[in-house]
Every structure is written in C-alpha cells, then in structure tokens.
Amino acid sequence: IPVDPFDLVIFGGTGDLARRKILPGLYRRFCSGQMEDNSRIIGAARSEHSTEEFRQMVADAIAEFDPKSGTPEMRAEFLERLEYVQVDALGDAGWQDLAALMSPGRVRAFYFSVAPSLFGALAERLHTHGIADDQTRIVVEKPFGHDLASAKALNADLAAHFDESQIYRIDHYLGKETVQNLMAVRFGNMLFEPLWNAQYVDHIQITVAETVGVGGRGEYYDKSGAMRDMVQNHLMQLLCLIAMEPPAKFDHDAVRDEKLKVIRALEQVPLQDVVRGQYLAAGADEPGYLEHVENADSKTESFIAMKLRVSNWRWAGTPIYLRTGKRLKARSSEIAVVFKETPHSIFGADAGRHRNVLTIRLQPNEGMDLFVTIKEPGPGGMRLVDVPLDMTFAEALGPDAEDVPDAYERLIMDVIRGNQTLFMRGDEVEAAWAWADPLIASWEERGDKPVAYESGSTGPEEALALMHRDGRRWREIR
Ligand code: NAD
C-alpha cells in the first residue's frame, strides 16, 4: 500500500548507517511501489557535496549493499528523488536552504542519524528556522542515553520542541518480521496464551550472539559494553514483547503501556546471577578485546549473561535468561520459550525427558519453530523424539512471504504513516535505564573484571554454569 507523499530528511545522510541501511531500505520500498511519485528524500550533513555527488554516493551504496533489488531504470528514477543540502547541526549555515526545499502541506520526517549529542541542537534548529510543523516527525537512533540521567536529558531536549506523538525512537529489533509475528502468534491464537505463564513455562531464553568483535568501534564500545549497547535496549524490548500482558488493542499506547509494566516489574538482579566476559585473541590476526581498546585494563564487558525475574502474577517463579556477546561461535539471535515437562510420563523412564519449545529466530533465517514430541517413526517401539513444526509458513503464504521488508524499511514507512507502535516511548527508555543503572553501578563499585572467553566459543564457562546450577541449559548457538 503506497504511503502519502512525504519529504524525508536524513541528517547524517552521508554517514555509515544511512549508506548501509536507511537509503538502501528506502530504495527497496520505492521498488515495491510504496513511494508516491513526488516523495522526496533529502540528505543533510555537515560535509560539502552537490546533489549529483550525493546521488552517486547513494548509487554506490545501493550497488554495495543491495545489488539485487529493482532494475537500472528503477535505480535511476529513485536517485532523481534525492537532494542534498549541507547543514551544520551546531551552526546556522544551510538551514534556510533546507527550509526552501520543504514541500508545503505534506508529512515531513527528519531522521536524526547523527551522534545523540546533536539531537537537541537539531530539534531546536528545526524550530528556529520554521521547518517543523504539527505534521513533523523525528526519528532518533540509538544510543538513547548512557544512563537514566542522560536519557532524561535527551528526552527533555526533544520534548522542548516536539510532542511525544512526534518522536520515533527506533529499535530495529522491533521492526523485524518475526518479532511482530510473535505478537500475532501470542495474541491471535487460542492455543498459546492460556499456557503462556509460570504454570506451564519452565523458563525463557533470549540469545543475541554476534561473530564480529568491536573492531574499529573499540573506543565507542569501551564506554558502553554489552549491557548498555544491547541489553538495556534490544534484549529488553524482546523481553517485553514476550512477557507483556495482552494489550486491549494493537495500538501504540496500549502496547507500550504493557511493555512499560514489564520493565517496572523486573526485579533487581543480584551479581551472582550475572556473568560478564571479554573475548580473547584468536591468533595474530584477530586481536582480543583488550587490544581493540586503548585502556589495557578495561573492565567493559563484550559478553553478558544474566538471570532475570519478572515480579508479577504471570511470571512468578519462571526465570528469563538473557545472553549476548561479541566474537561468539555464530551470528544468531533467538528467543526460546521452554515449556514444562508433562506432569507424568506414561512412556516410562526410557522415553527420556521431553519439553515443548517455541523458538523465535531473528537471525539467521527469521522464523518460528514449535518443537513437539512425537513417536520416532519405525518399528523400534514407543520411542519419543522432538521435531520442529515450522511456523514461518513461507510455502502456505506464497511469494508474498518472501518479499518481507527489512526492519529499517518497515519502521521508516511506519514513521510516514504515523504509527508509533513499534517505537519506544520516552518513559519506556527511562524505565529500562532505571533498572539497568543500579546493576551497572553494583559491578562498577566492586571493580569487577569480566572473565575471559575464547573467540568463536559460546562465551565464558561461567555463563553455562549460570544455567546448569538451575538444572537447565542454554540452547545451542548455531
Ligand atoms: P557516521 O559517523 O558514519 O556519520 C555521521 C553523520 O553525521 C555524517 O553524515 C556527518 O556528516 C554527520 N554530522 C556530523 N556532525 C554533524 C553536524 N554538526 N551537523 C550536521 N551533520 C553532522 O555515523 P553513523 O555510523 O552513520 O551513525 C549515526 C547514528 O546512528 C549514531 O547515533 C549512531 O550511534 C547510530 N547508529 C549507527 C549504527 C551503524 O551501524 N552505523 C547502528 C545503530 C545506531
């Protein structure tokens, strides 16, 4: 379905994120016919470029990051939609040129793909130069704050110029098809919701494993670590969708109210339920974490695992285990809802222990599986085996199921439509920091050093022990 014509300005339009994700994503939406003929995309950044140079930069980015979509004609048509304007977020140069480019009477969206320290200045200048109106939406990138105080300050800077209904805090995990499918499966079926509680669910695991190290981002990453970079935002959002109560309707505030309640119900995590790690070098070519950062004594974690408790009626007694890290065995993100065993096995001890598991895979191969226990085929007697029911339904849904927009594409189109359901509200972000801050402070006060783990492994041994001591184990990272 095409969206109304819009003007989208990408501040930081020449940056890495714009080149890798935002502009190729917009190109794909264009190829799918979602962009009305006169919609425009304006790159805005500090460096001097002509519109022609910017178009060439975007052509190169599409060739590099999405060489398969569309045709050469489509590419040429898309590039014609692009303009470039040089503006300085911290000065007044260029803003009148930007104002002159705006089309009257249509949706204006401004994507702040720049360092968060510039968010306040951009918000203010959009107003002082008369570019923002009631139809204006702003999109802000992570990191949204470093702690509760800085997140509050960012929220206040934006709130000084924009209403909360105009602010879209992006978390691309929420734009993933499977994450939304999770809500459809939970709230669109009678089958799951009655079992979705501590009485039937043994535990939940959320894993986000990366194979890359911190590489060239060492200095930035070292000030943040896995807790701030991944848990406080992405894993927290996944946890909310898994654990929240059914909202009364699929509406932005109803969904976000329920997510907020989950964050507020999180218990403080004792340090014995947390494992923090740092990866070691793998040979001469792959340096370890400490060689990637300036501070050879750095206590920042590149891996974290923890056991969480959601203190409410639904989840009392069912832990949620999270883990995320760099330089792990495989690039793989998965949520697993592990159900309890049947109360009694009629098949005897030899049949083994079996549990239903619902897995929601975010990458690779987005999809869902429900593992059910069946009889092993053949004449060998009543032997049981767990097999996955594939719930991606690619075959049943036909070619449409293949043309799934990537997270950024979908989220940008939601901004144009004015749908905030998949964006974080200011109070959610603050609540997540309010939960994370004391935990971070507790290991910082003790001066805890992360434990070392091998590159290409599943993380530190201690993280395995975190589960083993509860008689559980992590699902394989593959
Ligand atoms: P980048 O350094 O590659 O690009 C920054 C952009 O900001 C450039 O276009 C630059 O010209 C512009 N800029 C800098 N100072 C400016 C000023 N004073 N006025 C106007 N423009 C200015 O950064 P990036 O990697 O594209 O990241 C942008 C934002 O997105 C950051 O907040 C980052 O944390 C976030 N982010 C990036 C990624 C990623 O994969 N790159 C992922 C998630 C979030």
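Brief remarks on what is shown
- Approximate shape of segment 287-395 as ellipsoid semi-axes (Cα gyration tensor, √5λ), whole Å, largest first: 37, 20, 15
- Among 50-58, 323-331, the order from most to least packed when residues are scored by Cβ within 10 Å on average: 323-331, 50-58
- In order along segment 258-264, phi translates into HN-Hα couplings of 5, 5, 4, 5, 5, 4, 5 Hz, rounded to whole numbers, per the Karplus curve 6.51 cos²θ - 1.76 cosθ + 1.60 with θ = phi - 60° and x for Gly and Pro.
- What the chain shows is 44 Å² of accessible area per residue, with the surface traced by a 1.4 Å probe over protein heavy atoms.
- Surface composition of the chain: carbon plus sulfur atoms hold 51% of the accessible area, using a 1.4 angstrom probe and ignoring ligands, DNA and RNA.
- Rounded to the nearest 500, the 222 nm mean residue ellipticity of the chain from helices alone is -9000 deg cm²/dmol, with -39,500 (n - 2.57) taken per DSSP H run of at least 4 residues.
- Straight-distance crosslink candidates among lysines, where the alpha carbon sits under 16 Å from K259 and sequence neighbours closer than 8 are dropped: K249
- For segment 464-478, backbone nitrogen atoms closer than 16 Å to the point 7 Å from S442 Cα along Cα-to-C-beta are found at 466.
- Anchor K375: aspartates and glutamates whose Cα lies under 20 Å away (excluding residues fewer than 8 positions away in-chain): E341, D350, D386, D390
- Gyration tensor (alpha-carbon) shape descriptor, segment 137-178, a/c threshold 1.5: oblate
- Prolate/oblate/rounded label for segment 129-214 (Cα gyration tensor, a/c 1.5): prolate
- Classified by the C-alpha gyration tensor, segment 359-478 has an oblate form. Its axis ratio a/c, with a ≥ b ≥ c, is 1.5 or above, and a/b does not exceed b/c.
- Between the C-alpha center of segment 185-260 and that of segment 420-478 there is a gap of 13 Å.
- Straight Cα distances below 14 angstrom link K299 to the aspartates and glutamates E219, D222, E291, E444, E445, D448, with same-chain residues fewer than 8 positions distant left out.
- Relative contact order, percent, segment 256-359 [alpha-carbon distance under 8 Å, six or more residues apart]: 21 percent
The values are calculated or read from the model by the stated rules, or taken from the named source; none is laboratory data. Since we're looking at a predicted model, the values are computed, not measured. Virtual Cβ from ideal backbone geometry, glycine too; neighbours counted across all protein chains shown. These area figures cover heavy atoms from the full protein model, side chains too; ligands, DNA and RNA do not enter into them. Shrake-Rupley method; radii C 1.70, N 1.55, O 1.52, S 1.80 Å.
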